[in-house]
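What follows is a single structure, written as structure tokens, with notes after it.
Values quoted throughout were computed directly from the atomic coordinates according to the rules given, and no laboratory measurement underlies them. In this text, all values refer to a predicted model and were calculated from it rather than measured experimentally. Neighbour counts are summed over all protein chains in view; Cβ atoms, including those assigned to glycine, are modelled from backbone coordinates with ideal geometry.
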């Protein structure tokens, strides 16, 4: 089959008819401002729709337009984003909003080439904005679309393979109905979320079942072909709740690091066979130039990131009598706060759990 030309087929007709009857009600759909499309697409990167919905609604209430986002502080942006993960997305949104106000008179650019120049916008997001916000004939080739077309055309090469990606892009483009890219992309997204799901697809409900080669060949459960999974590493991590003069120490992570811009209880990875208390003293010495006494364990916390997992052990600590005060050697700022103050500082999931634990349990703060 020649997929180089648009062959607007019965596939698109059936899909759009199904979408008209079954489309999901999402707060960013049919929004008159392209800004809302942009925000939703960034939030939806590697994040489930149901998780995004409340964050999107809070965001739009707090930052209703580009100008309000551009004028906000990084702390304000990160605090509103807290819990959604992948925090570089929030910092990129903030910087991109400032660039748009400076260079484009506060209006999101229309062309994919200009969109690609903005922080945090890659080929997929540029195509999604072009199609959904501006009605351009573009394909936002996400996981849903890849799965659907791998099944429809029984593609037997693995995802991530250059040949596979080229094939799937050509197939989706070939069936794109001119002038209807917004609905076409969203219809495929909804079909992948509601019917052609990764597990237990409901083929009997699918509007495209008559043309599905994988269904005809009984290979639906084999498509798409997944690349082999790599082993996910695990790390032991320690964190210090340093207490000094009725306050706790927080440190802000550099923006170019994981969880960049967020505040944390300082610490780091444990070396092989290194005692946890020794690791914590070493990390505080390296990061803050201070010497601490490691006290009682506060708690053990587990968390899975995209490419690794951690088990973090937090300890109540205090500065040694002869220690200099901590300095931000590897952080961008330090703050001495009370447990109640922690609510105003944006944090990652584990550090927020520690802060909540401190507040709820009412641990006494030790004066030096």
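The table for this structure:
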{"read-out": "Average Cα contact separation per residue, the range 57-189, under 8 Å, 6 or more apart, as relative contact order %", "value": "18 percent"}
{"read-out": "At q = 0.09, 0.10, 0.16, 0.18 Å⁻¹, base-10 log of I(q)/I(0) for the range 261-368 (Debye sum, equal scatterers on each alpha carbon)", "value": "-0.23, -0.29, -0.79, -1.04"}
{"read-out": "Taking 278, 178, 94 and counting other C-beta atoms within 10 Å, the order from fewest to most", "value": "178, 278, 94"}
{"read-out": "Hydrodynamic radius of the range 10-222 per Kirkwood, over alpha carbon pairs, in Å", "value": "18.2 Å"}
{"read-out": "Length-normalised contact order of the chain in % [C-alpha pairs under 8 Å, at least 6 apart]", "value": "16 percent"}
{"read-out": "Pairwise Cα inverse-distance average, inverted: Kirkwood Rh of the range 51-173 (Å)", "value": "16.3 Å"}
{"read-out": "Residues residue 20 and residue 217, FRET efficiency given R0 of 41 Å [Cβ-Cβ distance, rounded to 0.05]", "value": "0.85"}
{"read-out": "Order of 288, 319 under a 10 Å beta carbon neighbour criterion, fewest first", "value": "319, 288"}
{"read-out": "The chain - mean residue ellipticity at 222 nm from DSSP helices (-39,500 (n - 2.57) per run, n ≥ 4, rounded to 500)", "value": "-12500 deg cm²/dmol"}
{"read-out": "Residue 75-residue 166 pseudo-label distance in nm [points 7 Å out on the Cα-to-Cβ vector]", "value": "5.2 nm"}
{"read-out": "Among beta bridges that DSSP assigns inside the chain, antiparallel share in %, nearest 5", "value": "65 percent"}
{"read-out": "GNM result for the chain, Cα springs below 10 Å: residue of 25, 131, 170 fluctuating most strongly", "value": "25"}
{"read-out": "Fewest-first ranking of 250, 159, 108, using other Cβ atoms within 10 Å as the exposure measure", "value": "159, 108, 250"}
{"read-out": "Two-decimal Rg/Rh across the range 1-102, once Rg and the Kirkwood Rh are taken from alpha-carbon atoms", "value": "1.10"}
{"read-out": "Kirkwood Rh, angstrom, the chain [1 / mean 1/r, Cα pairs]", "value": "23.4 Å"}
